[in-house]
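Asker: Provided herewith is a single structure, encoded as structure tokens, for subsequent inquiry.
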Amino acid sequence: MEGSVDCVVVGNVPKQQNGQSDESDLQSPISTNYEDSETESGEGALPDYVVELIEKEIGVDLKSLKKVSALLEKLTAENKLLEEQVLTVSSSVPLRVSAALSAAEESRVSLEGLLQRERVLSNTLIQHLQGAQPWADSLGRTLEQLDNTEKHMKYLQCLSRIEELSDFEELLIQLHWPFISPPTQSLSPPANAQELHSQLELLVAQLLSLQTSDDLISEKPTSVSRVGLPPTTPLSLPVQIMLLPLSKRFRYHFTGNRQTNSLNKPEWFLTQVLMWMGNSSNFMEEKIQPILDRNGANVNAKVELCRGLLTLAQEKLALDAPRLLYDDALFCHLVDEILQFERELRTTHSYPSTLPGVLHVLLEEVVLQKWLTVERKMAIEKVDAMLSAEGAWSSQYKDISDMDELKAPDCAETFMTLLLVITDRYRALPCPRAQLRFLALQRELVDDFRIRLTQVMKEESRNPLGARYCAILNAANYISTVLGDWGDNVFFLQLQQSAVALGEEELLGPLGVTESGRLASLEGSLFEGLLGLLERLRGDMLGRLLEAVMRDVQKKAQPYCRDRWLSLPSQCDQATMSLSSLACPLMLCLRDHLLQLQQMLCLPLFQTGWQDLAERLDLFLYQNVILYNHFNEGGAAQLQFDMTRNLFPLFGHYCKRPENFFKHVKEACVILCLNVGSALLLRDVLRQQPSPTSALNELGVYRLAPCDVLILLNLRASWPGK
């Protein structure tokens with residue numbers, strides 16, 4: 001029995017035999033209990049659970065010992081089973097651990113791959129977000145705009161509902177608004193006029209209050225027009241409502257396929273707008289304006305209505321103008337109608353100059369460039385026509401002496417009128433830069449006309465005393481005179497300052513500091529260059545004309561130059577002095593030419609011409625008659641008589657003291673006609689004194705030098721001893 005127990009004990013501690021009992025926690029409960037009981041009961045005592053097992057399986061009866069073999073077999077089988085289980089577990093643990101480590105390594109590699117892909121995906125996502133940020137910002141702004149638009153729509157719906165609840169439009173209908181035709185004085189006021197007026201004042205005050213609150217909330221005191229105009233304050237709410245029926249009528253008649261909506265008849269809608277302004281003027285001033293004043297609205301009712309009506313015209317013109325760019329005739333008609341409308345707006349309806357009219361439509365670049373092109377084209381065509389006309393070089397005022405001082409030929413006067421009309425058209429433009437572009441066009445046209453005059457002058461240069469040649473000269477003088485007046489005109493002076501301020505090199509050219517300063521201080525003129533060219537043309541033509549006169553005069557004067565001045569009878573031997581017979585052709589030729597020039601040249605040119613002619617004649621007579629001959633007493637007296645009593649008076653018709661233009665001849669006659677004693681004394685003075693000016697001045701000699709006087713004294717034949 002003890003041996004059986006030992007076997008049981010040994011069979012339950014197999015790991016102790018293998019050296020693994022301390023490493024494994026898979027020991028049997030028997031060995032554990034055994035160890036526990038051994039520690040509790042002391043060495044050599046059976047554990048309680050063994051005793052209980054024996055008692056249970058075998059019992060205390062000796063007859064039951066036969067069960068020991070069966071129990072031993074059972075325990076041996078269980079022990080074997082437990083050993084197999086322990087061996088199985090011991091062999092499977094390393095494989096599982098290895099599999100787990102392999103799985104862990106695979107998981108780590110897989111995890112690193114996932115992390116790498118996550119980083120790539122993250123970078124891609126960041127780049128995508130960065131690229132999409134502008135779109136997101138734009139979308140945010142769009143959504144904000146939509147939000148604001150939604151708020152505005154709700155506000156407008158609210159305002160529309162308020163307008164529906166108002167009896168303001170109905171009240172206007174009772175007051176016969178709008179006034180489509182001029183109001184007549186025969187209409188008697190309605191019976192409830194006082195009540196209507198009270199309602200009108202109440203409703204206008206309420207609308208003004210509503211608009212004031214709206215302005216405070218929106219904080220947008222200005223509005224931008226849709227036709228390129230500068231920002232303006234919005235119309236007062238009562239006027240906006242009053243404009244509704246007029247706007248409806250305007251769009252009904254002047255939009256769509258209506259016959260009244262005609263591109264070639266812009267005057268229809270422009271005239272209609274002006275009529276509505278005029279018809280409504282009294283009502284706005286007498287009925288609406290007092291209400292506005294009492295409610296502290298700092299606006300002009302009439303001007304407000306005009307502003308609203310102008311918006312209709314501006315939008316219509318902005319729509320029609322680009323459609324007429326390819327038809328010169330219709331475009332010119334549109335420009336004329338716009339300018340006429342603007343003039344009536346400013347004058348008849350007293351529309352303030354500080355507010356824009358309809359001229360801004362013409363300042364659009366394509367429209368303005370078309371306008372300039374058409375002006376140039378039409379001006380050149382008119383110049384061609386006027387120069388080829390039959391009466392181009394005759395003056396229309398030739399039979400009216402009081403009006404023909406400038407004797408401008410028809411072509412020149414028509415040309416300057418053409419330029420003046422162009423000025424009147426662009427004068428009202430609110431943009432100085434646009435005005436300067438038209439001024440540049442005018443300067444171009446003037447220079448072109450000057451070139452044409454030069455070409456015609458060259459054709460007529462063979463006959464400088466002819467009527468056409470003189471007409472060309474008058475034309476150049478007329479244009480120069482008008483441009484000189486324009487240079488002092490306030491409008492052109494303002495344009496000059498604008499050109500300097502804007503630095504318009506195309507108009508002014510490359511200017512230095514001095515030239516810019518002169519123009520800025522108004523010392524110069526925008527027409528200086530043209531005036532210089534015209535002055536040169538005028539001077540050249542007048543010089544050629546006077547040369548032709550002098551050639552004729554010199555030819556007639558040749559016999560007079562060769563007269564017997566040394567042997568003429570003295571004055572005391574003649575009863576009366578008379579003009580020398582050889583001087584008659586000279587005097588007649590000179591008289592005829594002076595009359596001809598007076599008739600053919602304008603007064604300023606004739607004044608310049610006869611004075612220049614007198615100076616030329618003075619030098620000719622001095623050099624070819626006086627210095628060329630010797631004179632006795634009779635010859636000197638005859639020369640003085642011919643000059644002072646015949647030649648000088650020819651020019652006395654044009655000035656009070658013509659002798660001042662013949663200083664050489666006059667002073668030479670004084671020297672030649674001195675008595676012998678005075679002549680001897682003067683000669684001694686000239687020879688002895690280094691500066692005999694005072695002695696010459698006492699005789700009335702101021703132009704001739706002392707050496708010239710000595711030459712003249714030597715031409716005298718009446719010296720003692722000769």
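Asker: How much length would be gained if the chain were fully extended between Glu52 and Glu150, taking 0.36 nm per residue of separation minus their Cα-Cα distance, in nm to one decimal?
Answerer: Once the chain is fully extended between Glu52 and Glu150, it gains 25.7 nm.
Asker: Say a paramagnetic label sat at a point 7 Å from the Cα of Thr233, along Cα to Cβ; which residues of segment 286-311 have their backbone N under 12 Å from it?
Answerer: Residues passing the 12 Å test: 296-301, 304.
Asker: Based on the Cβ-Cβ distance of Glu344 and Gln455, what FRET efficiency does E = 1/(1 + (r/R0)^6) give at R0 = 60 Å, to the nearest 0.05?
Answerer: 0.90
Asker: Quick one: accessible area per residue over segment 441-489, 1.4 Å probe, rounded to a whole number of Å²?
Answerer: Per residue, segment 441-489 has 41 Å² of solvent-accessible surface.
Asker: State, to one decimal in nm, how far the label point of Leu372 lies from the label point of Glu112, with both points 7 Å from Cα in the Cβ direction.
Answerer: 7.6
Asker: With labels modelled as points extended 7 Å from the Cα through the Cβ direction, what inter-label distance (nm, one decimal) is found for Asn192 paired with Leu619?
Answerer: 9.9
Asker: Counting only protein heavy atoms and a 1.4 Å probe, tell me what percentage of segment 598-722's accessible area is made up of carbon and sulfur.
Answerer: Answer for segment 598-722 is 50 percent, counting heavy atoms of protein chains only.
Asker: If you don't mind, another one. Given the pairs Lys458/Lys656; Lys556/Lys663; Lys398/Lys663; Lys377/Lys407; Lys458/Lys663; Lys265/Lys287, which are separated by over 32 angstrom at their Cα positions?
Answerer: Over 32 Å Cα-Cα: Lys458/Lys656; Lys398/Lys663; Lys458/Lys663; Lys265/Lys287.
Asker: Let me ask something else about it. Where the only charges are on Cβ atoms (+1 Lys, Arg; -1 Asp, Glu), what is the dipole of segment 260-339 about its Cα centre, to the nearest 20 debye?
Answerer: So the magnitude is around 320 debye.
Asker: Tell me, how many Å apart are the Cα centres for segment 520-590 and for segment 332-372?
Answerer: Cα centroid of segment 520-590 versus Cα centroid of segment 332-372: 56 Å apart.
Asker: Shifting gears a bit: Relative contact order (percent) for segment 549-595, with alpha-carbon contacts under 8 angstrom and 6 or more residues of separation?
Answerer: With pairs under 8 Å counted, the relative contact order is 60 percent.
Asker: Give the shape of segment 246-285 as rounded, prolate or oblate, defined through the alpha-carbon gyration tensor: a ≥ b ≥ c are the square roots of its eigenvalues, a/c under 1.5 means rounded, and otherwise the shape is prolate if a/b is larger than b/c and oblate if not.
Answerer: Since a/c reaches 1.5 but b/c is at least a/b, the shape of segment 246-285 is classed as oblate.
Asker: Which FRET efficiency value, to the nearest 0.05, do you get for Ala132 and Ala77 by plugging their Cβ-Cβ distance into 1/(1 + (r/R0)^6) with R0 = 60 Å?
Answerer: Taking R0 as 60 Å, the efficiency between Ala132 and Ala77 is 0.20.
Asker: Quick one: work out Rg over Rh on the C-alpha atoms of segment 572-722, Rh as Kirkwood radius.
Answerer: With Rh from the inverse mean 1/r over Cα pairs, Rg/Rh is 1.01.
Asker: On a full-extension model of 0.36 nm per residue, what is the gain between Lys248 and Leu121, subtracting their alpha-carbon distance, rounded to one decimal in nm?
Answerer: Taking Lys248 through Leu121 to full extension adds about 39.5 nm, to one decimal.
Asker: Explain nothing, just the number: relative contact order of segment 636-722, from Cα pairs under 8 Å at least 6 residues apart, as a whole percent.
Answerer: RCO, segment 636-722: 32 percent.
Asker: Mind giving me the FRET efficiency for Glu381 and Asp485? R0 is 25 Å, r the Cβ-Cβ distance, nearest 0.05 is fine.
Answerer: FRET efficiency, Glu381 to Asp485: 0.40.
Asker: Per the 1.4 Å probe, what fraction of the accessible area of segment 382-479, in percent, lies on carbon and sulfur atoms?
Answerer: Answer for segment 382-479 is 47 percent, counting heavy atoms of protein chains only.
The values are calculated or read from the model by the stated rules, or taken from the named source; none is laboratory data. Source: prediction; values computed, not measured. Neighbour counts run over all protein chains shown; Cβ positions are idealised from the backbone, glycine included. Accessible surface areas use protein heavy atoms only, side chains included; no ligands, DNA or RNA. Shrake-Rupley method; radii C 1.70, N 1.55, O 1.52, S 1.80 Å.
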